[in-house]
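Q: Structure provided below as structure tokens; questions to follow.
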């Protein structure tokens, strides 16, 4: 083999150059003050999901392929417009990583169908709620639980919820009372849809808009319409609502609340219907 | 099933290609950088103890730090390392996260470097001590010995291991999805979040990974063959033959020889 042409110094120089260039590049990229960085999962229709194209007002995702759309994106656009800043959507596939990101300063807002629970309020501030929904259970058509009227009809079922959410807390809290089994929480909704379709679980917990959207995208699924605190899970208003998360003491809080106040109950319902229609549109690939 | 996979490929081909591109980029660059790191560490650790007392102490400290680096990066999962490095950086820099591509390259290079250091050390040890002694005997410095005599031989010996590391890296870059690096597995997750077709999507991605690793293995084997050169001569094992035996053997076989 020919002798190595690279002297030691050269190798060290190459490595040093590479690492320092990278560190400098990262340090140099300050968060642009003329933009607001909004984090979301982009995998929770109809609140926030990924599209392959920019139809229906979708916004290009800054750090991954695809365009983001949904109820949360619509709210984000309104907030960005009111603040006079450019909207940057940052995809956080890991829902649990959103709060640390806001705390670290990488994000200005979390608009990801996140509920302002007490535990979360200890770590970040929340705006006024921008939607409130019922917790329901999605099941397979034709299963024994299809016609359940309340939680007590789920005795003996295997139910699951998304990890790190209030849905899972509620599921856990009432497992003993109603006799169903709470399975280990899963990371994403597509995972739960898959588990349900293959029969690994009997049902998963979702918010009603999400359930509607999942059922429209997966015709073999349907959902049991429970009502919080009546036939369904015990949920305080704070748990059933979703709000915009931001850093503690954020200067944007008042402005965001103003924007949200300008949306009437009916406006919100219409936006949600619009988002659901877009979500179940042309972006579904036929399965088996 | 195959129809579904074909559909996914047709509809999301662009995203998949992007994922493959990033996967290959990170694996290739990180393997090369890791090898460079390994070589540097290998040269440093085999340097003979300096005569100067102060330098000797410094070398001992440096050796210890390098050992710590190797043990820590080999002893923790790369997924955990990527979270620690990525979010640690963000914490130290008031929230600014590292550029994700750079983070991916850094994490995999540093991780690979730790493994390469051991591989290179093995390669250097596998070169006959006589080579080093001979080089010193003709007056070469340690660095010259390494550069002109030992490392070229060591590198040829460790080439299969390096190729192995490259293939391992192609698969292991999938753990970078936790920091949002858009390699192939991350793209698969995104696709599934739209089409809800878990099995077909991941089966397709598994097939793509296999094509990548198999292809790379074949190409690297070709390179190894090229490096060995033509087989119309044989290298003598001169370490186990003295001059007389060699001459005798040469005469007996009439010029043809088996080392």
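Q: Once the Cα atoms of helix A:208-217 and of chain A are each reduced to a long axis, what angle between those two axes, in degrees from 0 to 90 to the nearest 10, is obtained?
A: The helix A:208-217 is inclined about 80 degrees to chain A.
Q: Let me ask something else. Where a ≥ b ≥ c are the square roots of the eigenvalues of the C-alpha gyration tensor, would you call segment B:156-215 rounded, which needs a/c under 1.5, or, failing that, prolate if a/b is larger than b/c, or oblate?
A: Judged from the Cα gyration tensor, segment B:156-215 comes out oblate (a/c at least 1.5, b/c at or above a/b).
Q: Here's a follow-up. I'd like the mean, over residues of A:100-106, of how many other protein chain beta carbons sit within 10 Å of each residue's own Cβ.
A: The mean count of partner-chain Cβ atoms within 10 Å per residue comes to 5.
Q: In addition: According to the square roots a ≥ b ≥ c of the eigenvalues of the Cα gyration tensor, what is the shape class of the protein assembly as shown, taking rounded for a/c under 1.5, prolate for a/b larger than b/c otherwise, and oblate for the remainder?
A: The shape class here is prolate.
Q: Provide, for q = 0.11 Å⁻¹, the log10 of I(q)/I(0) from a solvent-free Debye sum over equal Cα point scatterers in segment B:1-142.
A: -0.62
Q: Report the far tail of the P(r) of segment A:126-274, meaning the percent of Cα-Cα pairs longer than 18 Å.
A: Taking all Cα-Cα pairs of segment A:126-274, the fraction more than 18 Å apart is 59 percent.
Q: Could you sort A:90-96, A:69-75 so that the peptide with the highest average Cβ count within 10 Å comes first and the rest follow in order?
A: A:69-75, A:90-96
Q: If you find the alpha carbon centre of segment B:141-172 and of segment B:12-31, how far apart are they in angstrom?
A: 25 Å
Q: Rounded to the nearest 500, what is chain B's calculated 222 nm mean residue ellipticity when only DSSP H runs of at least 4 contribute -39500 (n - 2.57) each, over all residues?
A: Per the formula, -26000 deg cm²/dmol.
Q: Need one word for chain B: rounded, prolate or oblate. Basis is the Cα gyration tensor (sqrt eigenvalues a ≥ b ≥ c); a/c below 1.5 gives rounded, then a/b vs b/c decides.
A: Here chain B falls in the oblate category.
Q: Give the angle, between 0 and 90 degrees and rounded to the nearest 10, that separates the Cα long axis of helix B:53-75 from the longest principal axis of the Cα atoms of chain B.
A: Taking the Cα atoms of chain B, the angle to B:53-75 is about 40 degrees.
Q: A follow-up question, please. Under Stokes-Einstein, with the Kirkwood radius over Cα pairs standing in for Rh, what whole-number D in µm²/s applies to chain A at 37 °C and 0.692 mPa s?
A: Stokes-Einstein gives a translational diffusion coefficient of 160 µm²/s.
Q: Could you work out the helix-only [θ] at 222 nm for chain A, with each DSSP H run of four or more residues adding -39,500 (n - 2.57) and the total divided by the number of residues, to the nearest 500 deg cm²/dmol?
A: That calculation yields -10500 deg cm²/dmol at 222 nm.
Q: If you bin every alpha carbon distance in segment A:59-137 into 5 Å steps from zero, what whole percent lands in each bin?
A: So the P(r) values, bin by bin, are 3, 13, 23, 26, 21, 11, 3, 0.
Q: Ok, one more. In whole Å, how far is the Cα centre of segment B:46-120 from that of segment A:60-100?
A: Their Cα centres are 35 Å away from one another.
Q: Which residue fluctuates the most in chain A, going by a Gaussian network model with Cα springs under 10 Å, if the choices are A:219, A:209, A:237?
A: Highest fluctuation among the options: A:219.
Q: Now a separate question. Taking a temperature of 10 °C and a viscosity of 1.306 mPa s, what whole-number D in µm²/s does Stokes-Einstein yield for segment B:27-79 with Rh from Kirkwood over alpha carbon pairs?
A: It diffuses with D of about 126 µm²/s by this estimate.
Q: Per-residue Cβ counts within 10 Å, from other chains only, averaged over A:187-197: what number is that?
A: Mean inter-chain Cβ contacts per residue within 10 Å come to 3.
Q: How crowded by other chains is A:41-48, given as the mean number of beta carbons from other chains within 10 Å of each beta carbon?
A: Mean number of neighbouring Cβ atoms from other chains: 2.
Q: Let me ask something else. Using only the C-alpha atoms of segment A:74-214, find the volume of their convex hull and express it per residue in Å³.
A: 123 Å³
Q: Using alpha carbons only, how many degrees (0 to 90, rounded to 10) separate the axis of helix A:189-198 from the longest principal axis of chain A?
A: Long axis of A:189-198 versus the principal axis of chain A: about 50 degrees.
Quick note: the coordinates plus some simple rules give every number you see, no bench work behind them. All values reported here derive from a predicted model rather than from experimental measurement. Every residue, glycine as well, gets a Cβ built from its backbone with ideal geometry; the counts of neighbours run over all protein chains shown.
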